[in-house]
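Report on the structure given below.
The values are calculated or read from the model by the stated rules, or taken from the named source; none is laboratory data. These numbers come from a predicted model, not from an experiment. Note that each Cβ is placed from the backbone with ideal geometry, even for glycine, and that neighbours are counted across all protein chains shown. The accessibility values were calculated without ligands, DNA or RNA, using every heavy atom of the protein model including side chains. Shrake-Rupley method; radii C 1.70, N 1.55, O 1.52, S 1.80 Å.
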Amino acid sequence: MLSNNIKILRTARGISQVELAKALNVSKQSVSNWENDNILPSIEMLVKIAQFFSVSTDYMLGLDNKKLIDVEGLTEEQISHIKMIINDIKNK
């Protein structure tokens, strides 16, 4: 589950394994090993991966399907607009 989620989130963002590795300050081989289920990232790295993709560690581990959106720095009005857009998309 974790290996698949890393790959899905990475490809959805349109970045390569090299780009993800750079962002996390690890080797491309580490990312490849995670995605191919050869090794598991450390707990600390799992947290970094989750933060990078704005999801919870529970999401990464397949324990829930909630994704997070970072709204830090936005006004309440801007957040309200984002919520309306999300609701519109869900209702279509």
(request) Report the calculated FRET efficiency for Thr75 and Ala12 (r = Cβ-Cβ distance, R0 = 25 Å), to the nearest 0.05. (result) 0.35
(message) If R₀ is 41 angstrom, what is the calculated FRET efficiency for the pair Val47 and Asn91, using the beta carbon separation as r and rounding to 0.05?
(response) 0.75
(message) As a test of the formula, what do you get for the chain when each DSSP H run with n ≥ 4 contributes -39,500 (n - 2.57) and the sum is divided by the residue count, at 222 nm and rounded to the nearest 500 deg cm²/dmol?
(response) -18500 deg cm²/dmol
(request) Using +1 at the Cβ of each Lys and Arg and -1 at the Cβ of each Asp and Glu in the chain, identify which of Leu74, Ile43, Ser30 lies farthest towards the dipole's positive end. (result) Ser30
(message) Within the chain, how many Lys pairs that are eight or more residues apart, or on different chains, come under 28 Å at the alpha-carbon?
(response) 24
(request) Specify which labelled value, from (1) 1.22; (2) 1.24; (3) 1.04, agrees with Rg/Rh (Cα atoms, Kirkwood Rh) derived from the coordinates of the model shown. (result) (3)
(request) Give me the accessible area per residue for the chain, probe 1.4 Å, as a whole number in Å². (result) 71 Å²
(request) Apply the Karplus parameterisation 6.51 cos²θ - 1.76 cosθ + 1.60, with θ equal to phi minus 60°, to every residue of the stretch 16-22 and state each ³J(HN,Hα) to the nearest whole Hz, in sequence, with x for glycine and proline. (result) 7, 4, 4, 5, 5, 4, 4
(message) Just to check I understand the Karplus step: with θ = phi - 60° and J = 6.51 cos²θ - 1.76 cosθ + 1.60, what whole-Hz values come out for the stretch 63-70, glycine and proline as x?
(response) 8, 8, 10, 7, 10, 10, 10, 7
(request) Roll a 1.4 angstrom probe over the protein heavy atoms and tell me the percent of accessible area of the chain that is carbon or sulfur. (result) 52 percent
